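The next block holds one structure in the form of structure tokens; read it before the comments.
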Amino acid sequence: MEEPPPSDADLLARVGAGDEGALRELIGRHSAWLLLRLRRRTPDEELAASAVQDTFVAVWRNAGRYRGDGDVGAWLWGIAIRQLVSRLRQRQGATPVTQQVIAALSPSLRSAEDELLVAVEHGDLAAALRGLSPELRQALQVTVLDGLSTKEAALLLGVPQGTVKSRVRLAKARMRQLLMGGLA
């Protein structure tokens, strides 16, 4: 009987012990979806690729910091989005955030989050999200879905921190209205 593949947590523990093969396997499992998600946050493909590469450098150096109390993919995403924000800080001008169409992704490369978003694409939540202005939708996405602080979101979106806070507050209020009967 064939042995099941190691879990992500097992691989991460092995990376912490200096196992380069485990790191290669983690990269194989996670680099494609990380790159796809980062490319939806910036039009600069090289910037996104650099953030993914440095994500795995950080994993190699800090695998021991993973506490094991959450999903490894979520931990990797947190590192990746912060790597992207760090690169954006080094730039002079703001880079606009772009959104690629999830349906264009190959089904084999979709994350569970992407599958859920596709599943609700024609539902009430999707309609409410589409009812938001692009600015409000982006602010909600980077703070709620990506878990960025308002300071990090401000840098990513190229707007002041207070503007992010206002947009998130307005987006939540508008979503509440739209989901409770489409009140204007």
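The values are calculated or read from the model by the stated rules, or taken from the named source; none is laboratory data. Because the structure is a prediction, the values reported are computed rather than measured. Note that each Cβ is placed from the backbone with ideal geometry, even for glycine, and that neighbours are counted across all protein chains shown. Each accessible area value is taken on the protein alone, full model and side chains, heavy atoms only, with ligands, DNA and RNA left out. Shrake-Rupley method; radii C 1.70, N 1.55, O 1.52, S 1.80 Å.
Give the number of residues within the range 61-77 that are modelled with pLDDT of 85 or more and either surrounded by fewer than 16 Cβ atoms within 10 Å (Cβ to Cβ) or part of a loop (DSSP other than H, G, I, E, B) (or both).
2
May I ask you to list pairs of residues, at least six apart or on different chains, whose Cβ atoms are under 6 Å apart, with the first in the range 1-30 being surrounded by fewer than 16 Cβ atoms within 10 Å (Cβ to Cβ) and the second being assigned to a helix (DSSP H, G or I)?
That search, which allows pairs on different chains as well, returns Ala9/Val72.
One residue is enough: does the range 129-142 have a residue meeting the conditions farther than 25 Å from Arg89 by Cα and without any contact (Cβ under 8 Å) to a residue 24 or more places away in the chain?
Among the residues of the range 129-142, at least one is farther than 25 Å from Arg89 by Cα and without any contact (Cβ under 8 Å) to a residue 24 or more places away in the chain, which makes the answer yes.
Restricting attention to the range 125-184, which residues are within 22 Å of Gly78 (Cα to Cα), among the acidic types (Asp, Glu) and open to solvent by 20 Å² or more (accessible area, probe 1.4 Å)?
Glu152
Can you pull out every residue in the range 160-184 that is closer than 14 Å to Pro134 by Cα and either touching a Pro at 6+ places or on another chain (Cβ under 7 Å) or among the aliphatic types (A, V, I, L, M) (or both)?
Val164, Val168, Leu170, Ala171, Met175
Go through (1) farther than 23 Å from Arg87 by Cβ; (2) outside any helix (DSSP H, G or I); (3) of a type outside the set (A, V, I, L, M) one by one and return the number of the condition Thr42 breaks.
The failed condition is (1).
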